[in-house]
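Written below as structure tokens is the structure these notes are about.
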Amino acid sequence: MKFEVRVYGLPVPQGRPRAARMPAGGIRVYDPPKSRDWKRTVMAQTLAVKPERLLAGALKGEMDFYLPRPKSLPKRVVYPVKKPDVTNLVKGTEDALKGIAFADDSQIVSLRVAKHYATDEASSGVYIRLEELP
């Protein structure tokens, strides 16, 4: 079974967890607001096209991230070699897909990831392809 989705929005890397001291003496750990908002964007847009069942077993995946091209960047620059790095982009996106496309992100055994510059501001986002392996 295959699952494909195009999520529109500004991809945000998974930020470091934040901690806050609670009045009762405990500590609460939470996602930074930008990371949380990106995860919610991915969830909302994937829920509309989620598979009839969660993908099972080993998975092969591809994620193509499209980032806005800075206006001041020369046209000769083709690849987005600046931050954010792809590993942090993947972390947040995988977390958002947990329970929607697959049971756990540990099922992904092969993953191809790439960063590209979007053609315009509206086309920023990520294209996700997941496939069950035999």
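How much of the accessible area of region 1-89, in percent, comes from carbon and sulfur atoms when a 1.4 Å probe is used?
Reported share for carbon and sulfur atoms: 57 percent.
Using a Cα-Cα cut-off of under 21 Å, which lysines could be cross-linked to Lys91, ignoring same-chain neighbours fewer than 8 residues away?
Lys2, Lys34, Lys39, Lys50, Lys60, Lys82, Lys83, Lys115
Just to confirm my numbers, what's the Cα centroid distance between region 80-98 and region 106-123 in Å?
Cα centroid of region 80-98 versus Cα centroid of region 106-123: 8 Å apart.
Under 10 Å, Cα contacts only: if you run a Gaussian network model on the chain, which one of Ser35, Ser110, Ser123 comes out with the highest mean-square fluctuation?
Ser110
For the chain, what is the relative contact order in percent, using Cα pairs closer than 8 Å and at least 6 residues apart in sequence?
45 percent
Grab the DSSP H runs of the chain that are 4 residues or longer, score each as -39,500 (n - 2.57), total them, divide by all residues and round the 222 nm result to the nearest 500 deg cm²/dmol.
Rounded to the nearest 500, the figure is -6500 deg cm²/dmol.
Given Tyr30, Met1, Ile100, which one lies farthest toward the positive end of the charge dipole of region 1-117, if we put +1 on the Cβ of every Lys and Arg and -1 on the Cβ of every Asp and Glu?
Toward the positive end, the furthest listed residue is Tyr30.
Report, by chain and number, residues whose modeled amide H sits under 5 Å from the one on Lys50, excluding near sequence neighbours (fewer than 5 apart, same chain).
none
Any idea what the dipole of the chain comes to, in debye rounded to 20, about its Cα centre with Lys/Arg Cβ at +1 and Asp/Glu Cβ at -1?
Charge dipole of the chain: 620 debye, to the nearest 20.
Given a 1.4 Å probe, how much area per residue of the chain is accessible, in Å²?
Each residue of the chain exposes 62 Å² on average to a 1.4 Å probe.
In region 1-70, what GluC sites (Glu not before Pro) fall in a loop by DSSP, with at most 16 other Cβ atoms inside 10 Å?
On the way: sites: Glu4, Glu52, Glu62; in loops: Glu52.
Sparse-neighbourhood loop GluC sites (Glu not before Pro): Glu52.
Given H placed on each backbone N at 1.01 Å, which residues far from Tyr117 in sequence or on other chains put an amide H within less than 5 Å of it?
Leu67
So which trypsin sites (Lys or Arg not before Pro) in region 12-79 end up in coil per DSSP with only 12 or fewer other C-beta atoms within 10 Å?
Here the sparse-neighbourhood loop sites are Arg53, Lys71, Lys75, Arg76.
Considering only DSSP beta bridges with both partners in the chain, what is the antiparallel share in %, to the nearest 5? Please list the in-between numbers first.
Values: 19 of 30 bridges.
For the chain, the DSSP antiparallel bridge percentage is about 65.
Would you grab the residues whose amide H sits under 5 Å from the one on Ile108? Only those 5+ places off in sequence or on another chain, please, with H modelled 1.01 Å from N.
Here the answer is Leu59, since their amide H atoms fall under 5 Å of that of Ile108.
Take the Cα atoms of the chain, find their three principal axes, and give me the spread along each one in whole Å, biggest first.
55, 44, 25
Net charge within 12 Å of Ile27 by Cβ-Cβ distance, Lys/Arg positive one each and Asp/Glu negative one each, not counting Ile27 itself? The partial results should precede the final answer.
Details: positive: Arg18, Arg21, Arg28; negative: none.
After counting each charged neighbour, the total is +3.
If you take the charge dipole of the chain about its Cα centre, with +1 on Lys and Arg Cβ and -1 on Asp and Glu Cβ, which of Val12, Leu59, Thr46 is farthest toward its positive end?
Most positive-ward Cα: Val12.
The values are calculated or read from the model by the stated rules, or taken from the named source; none is laboratory data. None of these values were measured; they are calculated from a predicted model. When we count neighbours, we look across all protein chains shown, and the Cβ atoms used for this are built from the backbone with ideal geometry, even at glycine. SASA here: full protein model, heavy atoms, side chains in, ligands and nucleic acids out. Shrake-Rupley method; radii C 1.70, N 1.55, O 1.52, S 1.80 Å.
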